[in-house]
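The values are calculated or read from the model by the stated rules, or taken from the named source; none is laboratory data. Computed from a prediction, not measured in an experiment: that's the story for all the values here. Backbone-built Cβ (ideal geometry, glycine too); neighbour counts: all protein chains shown.
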Amino acid sequence: MYAAAWLPIAALLTQVLVRGGTIGWSEAAAIVVPMCLLYAFICQASWYLCNAVPLRESDPIRLIASHGTAAAVSAAGWVVAGGVWAWLLGAAFAIPGIDSRYVAQIPILFVSGVLLFLIAVAFNYLLIAFEASQRAESKALELQVLAREAELKALRAQINPHFLFNSLNSINALVMTDPLAARRMCVLLAEFFRGSVKLGSEERIPLGEELRLADCYLDIERVRFGARLKIERDIDPGCETCLVPPLIMQPLIENAIKYGVAPALQGGTLRLHAERNGARMKIVIENPFEPESSTKRGAGLGLKNVKMRLANLYDGNARLDVSQDNGRFRVELQLPCCGN
Amino acid sequence: MKVAIVDDEELARKLLREYLADCEDVQIVAECANGFEAVKVVTDLKPDLLLLDIQMPRLDGFEVLELVGREVNVVFVTAYDQYALRAFDVHAVDYLLKPFSPERLREAINRARSRLEAKQALPVAELSAAARPPGAHLERVAIRDGANVHVIPVTHIDYVEAQDDYVSFHSAGKGFLKQQTLADVESVLDPSQFVRIHRSYILNIDRLARLELYAKDSHAAILRDGTRLPVSRSGYARLNAVLK
């Protein structure tokens, strides 16, 4: 690629020499083309110089001095090498007077050499700046991902206050009529809050722990909703040790209650299903759904957050699919099963 | 005072019943687990006060208030504080945040009692404006038909027709009457979906099959089910602007 870019330069230089009138086409080309290939390598070396003398931080005088000297030295060396090549050509193919004709081109070749070197320097500076901006961009992207993850972590740690208020109201109602149940609710509530704070601070947890937290949550909601909330649980024990990001199911289960069971007049069945398939696992959360009664406002946000977390954490190796038919709303997670 | 309790959670109803037992001169006439039952109870038993939850299945507290608010006083009882402003906009007597103390409930009951003695009727427009969160378009229309309530998702509405002091929501060949003005209806529907094609008609543009020119300057809209509606000249311009 880079050498090919030099071919037009070689053609141009040949033309310049021929225009001078003292040298023929074939001779000029025979000298210039190999010279240009050689110079391509010499100019490439200017990249090191550019790195050693960064454009922004260096003193302009030093900048001009170092590049000027380097350009002069390389052009001089190049012209000498060209002379040797011309002499070799003359000797090998018995071309009389080629070296003297070459000597006549030295000034113009030297000047071109200096200019080409300086162009290469400018080009290298451009390349360095471009690479730096790309690095900055990918760094910014990385930071953005980190910031988002932190934001989600904060969100997860934040406990839904309405859940707390409604639960306290249920306890308030139970205190007189069923003190034992009130006591049990207090313990469940404490367990749930302690669990979500603890799990939220971890990187990865076994699915079993996530499910225990969900059970705790659902036990509390069952007290609130009574017979309106039915739960079906079908968990492959092989999944329980799989490591998952903490609280990845919890927002989906809360959504299922809030937008599925709670808005339905008769309530309905929440179904939790997990199965393992070798190195992957599938988690399904299914709830009843009345299209005409539910306002979906807000339900999308929880789903979007979970989707984003999966994309960040698994780099496209995890999926979240949402489907809806026959009055059932179904969220399916597919994850690699890390751990054992 | 006759009180009805409306909450979809049994424990929440139980708690209110227990608290009310200590209030003198309060008679619990009904307990309702949803908004439909509440409307029926208001029609049949004419309570003086509803203790009304907001988040309920299919018909929420604000929709219940829109339908029966002129006949009964309402105290909202909810875990959500973000509705408080809206609640007072619609002249709710009080707004109780769960969990609350028996004293707080008694205060609300007393407030309702003094409101009852003052006897004031509530304006219809303000009630209907409350049935939807501020800034959002209407998603469903709740219509009372005696003790029954029809809930029509706006996507099921074919067109809305003005009829004197009422509007008629037409859906799948049936009409549902509601006391409201067409301008009020227009202002709460999504304008990219519903177009005022005539002084007396708002059309759901998904139902439009074609437009016919039937006299100079005047058009008729033919709906998918064959219904013909007149389109005024300005209605035609509005329709074109939406359909582009």
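Is it the case that segment A:235-244 has a residue that's touching a Phe, Trp or Tyr at 6+ places or on another chain (Cβ under 8 Å), among the small types (Gly, Ala, Ser) and in the same structural domain as residue A:331 (by TED's automatic domain parsing)? Checked segment A:235-244: no residue is touching a Phe, Trp or Tyr at 6+ places or on another chain (Cβ under 8 Å), among the small types (Gly, Ala, Ser) and in the same structural domain as residue A:331 (by TED's automatic domain parsing). Filter segment B:138-151 for residues that are surrounded by 15 or more Cβ atoms within 10 Å (Cβ to Cβ) and either over 12 Å from the mean Cα position of the chain (by Cα) or part of a loop (DSSP other than H, G, I, E, B) (or both); which is farthest from the other protein chains (Cβ to nearest Cβ)? Applying the filter and picking the extreme gives B:138.
Would you kindly identify the helices (runs of 4 or more DSSP H) lying entirely within segment A:1-99 that contain at least 1 residues that are buried (at least 17 other Cβ atoms within 10 Å of the Cβ), touching an Asp or Glu at 6+ places or on another chain (Cβ under 6 Å) and not polar (S, T, N, Q)? Fully inside segment A:1-99 and qualifying: A:60-93.
Residues are listed down the side, and each one gets a yes or a no for (1) touching a strand residue (DSSP E or B) at 6+ places or on another chain (Cβ under 9 Å); (2) at pLDDT 95 or above:
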| site | (1), (2) |
| --- | --- |
| A:204 | yes, no |
| A:218 | yes, yes |
| A:223 | no, no |
| A:226 | no, no |
| A:238 | yes, no |
| A:242 | yes, no |
| A:245 | yes, no |
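In segment B:1-49, which residues are polar (S, T, N, Q) and over 28 Å from residue A:223 (Cβ atoms)? Correct list: B:27, B:43.
Sub-8 Å Cβ pairs linking a first residue in segment A:167-189 that is more than 13 Å from chain B (Cβ to nearest Cβ) and closer than 13 Å to residue A:224 by Cβ to a second residue that is assigned to a helix (DSSP H, G or I) and not aliphatic (A, V, I, L, M), at least 6 apart or interchain, are A:188/A:216; A:188/A:219, ordered by first then second residue.
Within segment B:13-37, can you find the residues that are among the aliphatic types (A, V, I, L, M), within 19 Å of residue B:58 (Cβ to Cβ) and within 13 Å of chain A (Cβ to nearest Cβ)?
Looking only at segment B:13-37, we keep the residues that are among the aliphatic types (A, V, I, L, M), and these are B:15-16, B:20-21, B:26, B:28-30, B:33.
Right, trim to within 19 Å of residue B:58 (Cβ to Cβ) and you get B:30, B:33.
B:33, the sole residue that qualifies.
When you scan segment A:200-215, do you find a residue that is within 25 Å of residue A:178 (Cβ to Cβ), of a type in the set (Asp, Glu) and within 14 Å of chain B (Cβ to nearest Cβ), even just one? Within segment A:200-215, not a single residue is within 25 Å of residue A:178 (Cβ to Cβ), of a type in the set (Asp, Glu) and within 14 Å of chain B (Cβ to nearest Cβ).
Against the definition (of a type in the set (D, E, K, R), in contact (Cβ under 8 Å) with a residue 12 or more places away in the chain and within 14 Å of chain B (Cβ to nearest Cβ)), how does residue A:258 come out, yes or no? Full working, then the answer.
Numbers: of a type in the set (D, E, K, R): yes; in contact (Cβ under 8 Å) with a residue 12 or more places away in the chain: yes; within 14 Å of chain B (Cβ to nearest Cβ): yes.
The answer is yes for residue A:258.
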